[in-house]
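No lab work stands behind these numbers, since they all come straight from the coordinates. Computed from a predicted structure; not experimentally measured. All Cβ positions, even for glycine, are placed from backbone atoms using ideal geometry, and neighbour counts span all protein chains on display.
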Amino acid sequence: SLRDSPKPVLPVTFKNPRDGNKIFQSICMIDSGADYCTLPLSAGYSLDLDFDKLGARKNFIQCACENRNFFGYLYKLLVVVPDARRKPLEMPLTVNFVNSETIPVVGRNFMDRFWKISYINKEQKGFFEDIKKEE
């Protein structure tokens, strides 16, 4: 499973901003090469999101690893992650939902919200410290 892999991972809860009872929980790979947090389109459906009705921005991306093109939607969710003290930290964040069964990824748009990020591979623990204030 992704949790048992040597890759840096983080437990993340994604919430529908219009209905906080609609959630999608996942172990996400931390990927400094990804522009956005990325989820498969099926995660959006489990959050009860109709992207066309919501006016979500369409997005086309290319996966560097397999040289494949993906179609998706960009939509802002509430994202909950543990902070350095393992307390829940909730923030609005744009997520890229792609038409592929991709591994859930935490990308740079998440990482850029913090002044400091560290990861202890042996313990599989990530620490996101000193959140930047939204401008």
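Highest-first packing order for the peptide set 84-97, 46-59 is 84-97, 46-59, based on the mean count of other beta carbon atoms within 10 Å. Expressed as a fraction of 2.2 N^0.38 Å, the C-alpha radius of gyration for segment 41-115 is 1.20. Starting from the Cα of Asp50, move 7 Å in the Cα-to-Cβ direction to define the label point; list residues of segment 75-97 whose amide nitrogen is under 11 Å from there. Within reach of a label on Asp50: no residues. Ordering 15-21, 104-110 by mean Cβ neighbour count within 10 Å, with the highest value first, yields 104-110, 15-21. Working from label points 7 Å from Cα in the Cα-to-Cβ sense, the Asn69 to Arg57 distance is 2.0 nm.
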